[in-house]
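Read the structure below first, then the notes.
The values are calculated or read from the model by the stated rules, or taken from the named source; none is laboratory data. Everything numeric in this text was worked out from a predicted model, so none of it was measured. Because the Cβ atoms are built from the backbone with ideal geometry, glycine has one as well, and the counts that use them run over all protein chains shown. Heads up: the accessible areas ignore ligands, DNA and RNA and are worked out on the full protein's heavy atoms, side chains in. Shrake-Rupley method; radii C 1.70, N 1.55, O 1.52, S 1.80 Å.
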Amino acid sequence: QVQLVESGGGLVQPGGSLRLSCAASGIMLGINVFGWYRQAPGEQRELVASISLSSGGTITYVDPVKGRFTISKDKDKNTVYLQMNSLKPEDTAVYYCNAKGRFLKNQFDYWGQGTQVTVSS
């Protein structure tokens, strides 16, 4: 199994910045995509950004965060980051780290516990 632990959330003023970290541990065999999701109260969980762990390193962002958020990875530290700049009140949510992949015919889907991001208004 893969264990994911998020950190870096907190309270920030509009226009401020936060850097979220997702530390992964366990058996990583078959994992090929990491993603950051967020869920606001009363709302559905949505994908914010994703990054492929393959050689191509494909990165995607949802439109509302393009130009403000940056997803990255550090192989040596086995960690995925989400740098959030120019934060808006609409960004307030619980942010979750997710890992997906497959090996042979088995599909894998892991989640972290979440970290709260609050942008004051």
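A few comments on the model shown:
- Enumeration of residues in segment 51-106 that are of a type in the set (A, V, I, L, M) and open to solvent by 70 Å² or more (accessible area, probe 1.4 Å): I59, L104
- Elements of type strands (runs of 3 or more DSSP E) in segment 8-91, at least 1 residues being over 13 Å from the mean Cα position of the chain (by Cα): 10-12, 18-26, 31-39, 69-74
- In segment 76-110, the residues that are without any contact (Cβ under 8 Å) to a residue 24 or more places away in the chain and either more than 20 Å from Q1 (Cβ to Cβ) or of a type in the set (F, W, Y) (or both): D76
- In segment 68-106, residue nearest to I51 (Cα to Cα) [restricted to those that are of a type in the set (S, T, Y) and in contact with a strand residue (DSSP E or B) (Cβ under 8 Å, 6 or more places away or on another chain)]: S72
- Whenever a residue of segment 7-30 is within 28 Å of K88 (Cβ to Cβ) and open to solvent by less than 60 Å² (accessible area, probe 1.4 Å), its partners that are part of a loop (DSSP other than H, G, I, E, B) and of a type in the set (A, V, I, L, M, F, W, C), lying with C-beta atoms within less than 6 angstrom and at least six residues away or across chains, give the pairs V12/L87; G16/L87.
- Residue, most open to solvent (accessible area, probe 1.4 Å), within segment 31-41, restricted to residues that are modelled with pLDDT of 95 or more and farther than 14 Å from K73 by Cα: Q39
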